[in-house]
1. Could you please find all residues in the stretch 31-45 being exposed (fewer than 12 other Cβ atoms within 10 Å of the Cβ) and touching a residue at least 24 places away in the same chain (Cβ under 8 Å)?
2. For the stretch 104-117, which positions are part of a loop (DSSP other than H, G, I, E, B) and open to solvent by less than 50 Å² (accessible area, probe 1.4 Å)?
3. Looking at 184, 159, 176 in this structure, which one is free of Cβ contacts under 8 Å to residues at least 12 places away in the same chain and among the β-branched types (Val, Ile, Thr)?
4. Being within 18 Å of the chain's Cα centre (by Cα), farther than 13 Å from residue 195 by Cβ and not small (Gly, Ala, Ser) is the filter here, so list the residues in the stretch 135-158 that pass it.
5. I'm checking my understanding of the structure. Among residues of the stretch 153-177 that are assigned to a strand (DSSP E or B), of a type outside the set (A, V, I, L, M) and under 18 Å from residue 136 (Cβ atoms), which one is most open to solvent (accessible area, probe 1.4 Å)?
Amino acid sequence: MAQPSAEEALSHVLRNGTGVARRVLSDPAIEGDPLAFLKATEAYWKALRHQQHEPHKKGPSVVTSNPSLLGLPKPSEATSSGGGERRGGSDGDAYDVIVCGGTLGLLPALALQQRGWRVAVVERRLAEGRTQEWNSSRAEMQAFVDMGLLTAEELEAAIVSEYNPVRVGFSGGDDIFVNDCLNIGVLPQSLLRFVRTRRV
């Protein structure tokens, strides 16, 4: 009996699987519906892979950019507003920067806002962060403290796990151990709760 391909195996798991991964992805406590998203993504790639009409045709372009729409500043355009420096385009512009995605996006949005930019954050859900930890390192997170986005105490409160060293291994090779690299777990909900209190 022929072994199923990786694509067939994935399709079977998504339709009929009862394993740990499926149980985890089906947990109603997880934001959104990751299992439905994976099913839709798998169906899309399957259709793309097996389409026979114009197999070399490029897909549609879905991302375009035009920096002039954001009113990006020139050195001579910085003006004073309310005691702080305001940057960007003319007085009729609503925003200088629009950040799409309000989880990690809140951090650069706040950093820009504190430097005088008019910032909007676009997020279709409540921007509260996941319950799953982010892996980071203290050196990376310290940058947020240095920028004034977090206090040292808030950073410590957001770190919920820490471990050293971290093992790195590849099939057929020897394991190596590194220190202070992606060795802390940061709780996004706590991190973003602190960040939201600093909106100006």
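1. Once the filter is applied, which keeps residues that are exposed (fewer than 12 other Cβ atoms within 10 Å of the Cβ) and touching a residue at least 24 places away in the same chain (Cβ under 8 Å), the stretch 31-45 yields only 32.
2. Across the stretch 104-117, the qualifying residues are 105, 116, 117.
3. On the way: 184 fails: free of Cβ contacts under 8 Å to residues at least 12 places away in the same chain; 159 fails: free of Cβ contacts under 8 Å to residues at least 12 places away in the same chain.
Just one listed residue meets the conditions, 176.
4. Matches in the stretch 135-158: 135, 140.
5. Start the filter on the stretch 153-177 by keeping residues that are assigned to a strand (DSSP E or B), which leaves 159-162, 166-168, 176-177.
Filter once more, keeping what is of a type outside the set (A, V, I, L, M): 161-162, 167, 177.
Next cut, under 18 Å from residue 136 (Cβ atoms) only: 161-162, 167.
Values: 161: 32, 162: 99, 167: 149 Å².
For the stretch 153-177, the residue satisfying everything is 167.
The values are calculated or read from the model by the stated rules, or taken from the named source; none is laboratory data. Quick caveat: nothing in here was measured; it's all calculated off a predicted structure. Cβ sites come from the backbone with ideal geometry, for glycine too, and all protein chains shown count toward neighbours. Keep in mind that these areas ignore ligands, DNA and RNA; they rest on the heavy atoms of the full protein, side chains included. Shrake-Rupley method; radii C 1.70, N 1.55, O 1.52, S 1.80 Å.
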